[in-house]
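No value in this document is a laboratory result; all are computed from the given coordinates. Predicted model, so just to flag it, every value in this text is computed and none were measured. Glycine gets a Cβ as well: all are built from the backbone with ideal geometry, and neighbour counts include every protein chain shown.
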Amino acid sequence: MFRYAVRRLLFAVPTLLVISFIIFALLDLAPSDPTAQLPLTIPEEVREMIKESLGLGQPFHIRYLKWLEQFLINEPLNLMEQSWGIEIGDSENRMRVRSWSTRAPVVDLIAARLPQTLIVVGMSYIVAIMIAVPIGVISAYKQYSIFDQIGTFISMLGFSVPTFFTGTVMIVIFSVVLGWFPSIYDTTHVVNDFDSFVVQFKQMIMPVMVLGLFSAAQLSRFMRSSMLDNLNQEYVRTARAKGMSEPVVVLIHVLRNSLIPVVTVIALGLPSTFAGAIITEQIFRINGVGALLIGAIEGADMPTVQTVTFIFAVLIVVFNLIADLLYGMLDPRIRYE
Amino acid sequence: MNEIAQASTVSEADSQEGVLQHRSLWLDVWQQFRTHKGALAGVGVFALILLSVLLGPYLHDIDPQYLDYKSKNQGMSIKHPMGTDNLGRDMFAQVLAGGRTSLAVGVTAMALSLTLGTFVGVLAGYFNRLDGPLMRLTDLFLALPILPLLLVIIMLFRDLLRSILGPEMGIFILIVFVIGITSWMQTARIVRGEVLAIKQREFVLAARSIGTRPHRIITRHIFPNVLSPIMVSATLGVAAAIITESALSFLGLGFPSDFPTWGRLLFDGVPFLNINPARVIWPGLAISLTVLSVNYMGDGLRDAMDPRIRGR
């Protein structure tokens, strides 16, 4: 198991390097000009100097290696210094990945946006699990019943209807017609007493539900089929023959075994939920990481685009790894060698 | 409809007389498919959408780009069945025109991703030497953050392609290409698995022992046998491509307003949500119904193609 984990970890490193190279090459190949947004009165020589100051004068491989150094070595060092309050080497002159449009370090920009995204994604995933597991269990236990039929239809609906449509319909119903919830998420809102908590709860409910229902639709299908696989196993008959009550059989014996593949699906699905948050943030005007990416793409701010996209790739690779390792840890029948 | 009638009489004749008649694979598949009510409803709804998108503009012949400021932001009426937008353009005509583009994108992108996926899958499954590298490539593509990358590629190459191929063709080709090139991995994995299993069967050995060339074995013996998983991923691929295209359009990085798709119409309607929610509802409903019907068709097809379920 340990050897397998180390091998997977070692394989993840070249994968990520190749991905970072693909992203960098793609951004570099593209015909885009970082000075295109500046006023037309700026003369050509000054434009060249601006490009020079952004580091564009150097050849492709140097810029790529510099980005790698800045993001993979300098930024982690910086993070360590900040969190432990120590100084490692020459921290004043250490180069950081800087945004072309704001000139602030990209990692600081992401750190400022991350809490909003994390809270929406995290809450929606918790909501999704809380909806999906009971529905999957009941659907499987009462297979082909009316509950199962309706559950199947709703989950089909859940992953067929795109989130940007459910989101806007929710805004029409709950913000425009009923006026219960605000349609725009206020990220500056501070929770310090019960009233402000209610405001926060109200503004979070729609984005969380939109994203959560979408994930719940897929998770509940996995939960159902996993339960169905387990309900027909011999050990269930044994448990019933021993005279155990139905709740004990279903909720303790079957559920625990059925959750094993579902847990890995949950881990695998988290990165795509982050990607889904890009759209949800656009609907409800949440200025999270997704909004940062969209803004950077529109403003041709390449270092920000490169870094945010690479972080998404890291999330995918890391959660794939976690899912594989979890599967081996939870299910003693799986042995990696 | 004639086929359905024939199929049902054949099955009845079968059961009544107990005589074994010739049964083809596709007849079996069709009979299983018919028992899946959701799939049948999906076929019906999808056919209806397809027909109205293809024939609708001939019956409802208002130009979707015709501006009529006097009748802007109208509700439903006989002249404008879905009302008008803020420039007085007829929504129904726009939804029909947008549907043509959306469906065209869905089908073409699916065809591209299917071709790529089948090609990679068959090569990886049949030739042992190619299996390792091609599967590593598939894993690499699966680890790419697809949505951010799609946004980046479209943003960066949009103007270039529009200047080379014209505004409409340029964006169409770009979107179809990027969706196709980022969605072939599942098909490749499934096809590879099937090919690996079929390669070990006796008829392939027989073909090889009489000296058949690899490309003949692949096209004559292997390809027809992996057709069923390919067809299932084709239906699901159309749905996924339509969703991806509309998501891109919704983020403002898809088709332009003068060449709209359903996703773009929805995106354009969002600022007018307070005045005219119908502008969001109709295109959204069109996307959702299409994707739902296609997904149900895929679900039914998967059950019908699965020999373990079929015949039960």
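Roughly speaking, what is the centre-to-centre gap between the range A:219-292 and the range A:298-337 when only Cα atoms are used, to the nearest Å? Here the answer is 19 Å between Cα centres.
Summing charges over all other residues whose Cβ lies under 15 Å from the Cβ of A:Val265, with Lys and Arg as +1 and Asp and Glu as -1, gives -1.
Is there a simple number for the mean count of other chain Cβ atoms within 10 Å of the Cβ of residues in A:278-286, and what is it?
2
For B:Gln65 and B:Thr35, FRET efficiency with R0 = 56 Å and r from the beta-carbon atoms, rounded to 0.05? It comes to 0.80. With a Förster radius of 35 Å applied to the C-beta separation of B:Leu48 and B:Asn225, the computed FRET efficiency comes to 0.55.
Projecting label points 7 angstrom from Cα along Cα→Cβ for A:Lys202 and A:Leu77 puts them 5.0 nm apart. Ordering B:235-247, A:264-276 by mean Cβ neighbour count within 10 Å, with the highest value first, yields B:235-247, A:264-276. Taken residue by residue and averaged, Cβ atoms of other chains lying within 10 Å of the Cβ of A:23-29 number 2. Counts of other chain beta carbons within 10 angstrom of each beta carbon in peptide A:153-159 average 3. For chain B, set up a GNM with springs between Cα atoms under 10 Å and report which of B:Leu266, B:Leu40, B:Leu130 has the largest fluctuation. Judging by the Gaussian network model, the answer is B:Leu130.
On full extension, the segment bounded by B:Leu196 and B:Ser257 gains 17.3 nm, given 0.36 nm per residue less the C-alpha separation.
Order by neighbour count: B:Val191, A:Val318, fewest other Cβ atoms within 10 Å first, most last.
In increasing order of surrounding Cβ atoms, one gets A:Val318, B:Val191.
Taking amide H positions as placed in the peptide plane 1.01 Å from N, state which residues far from A:Arg98 in sequence (5 or more) or on other chains have amide H under 5 Å from it. The list, which skips near neighbours in sequence, is A:Val106.
Charged neighbours of B:Arg208, selected by a Cβ distance under 13 Å, balance to +4 (K, R count +1; D, E count -1). Note on A:Glu69/A:Val13: beta-carbon distance plugged into 1/(1 + (r/R0)^6) with R0 of 22 Å gives a FRET efficiency of 0.90. Between A:Phe21 and B:Thr115, the modelled labels are 2.9 nm apart [label points 7 Å from Cα along Cα→Cβ]. Between B:Gln200, B:Gln74, B:Gln94, find the one with the highest GNM mean-square fluctuation for chain B; connect C-alpha pairs within less than 10 Å. Sorting by GNM fluctuation, first place goes to B:Gln200. Among B:Phe127, B:Phe223, B:Phe33, the largest mean-square fluctuation in a Gaussian network model of chain B, built with springs joining Cα atoms closer than 10 Å, belongs to B:Phe127. Computed from label points 7 Å out along Cα-Cβ, the spacing between A:Leu40 and A:Asp195 is 5.3 nm.
Taking the mean number of other Cβ atoms within 10 Å as a proxy for protection, how do you rank B:285-296, A:144-155 from highest to lowest?
Numbers: B:285-296: 23.7, A:144-155: 14.2.
The densest-packed peptide leads the list: B:285-296, A:144-155.
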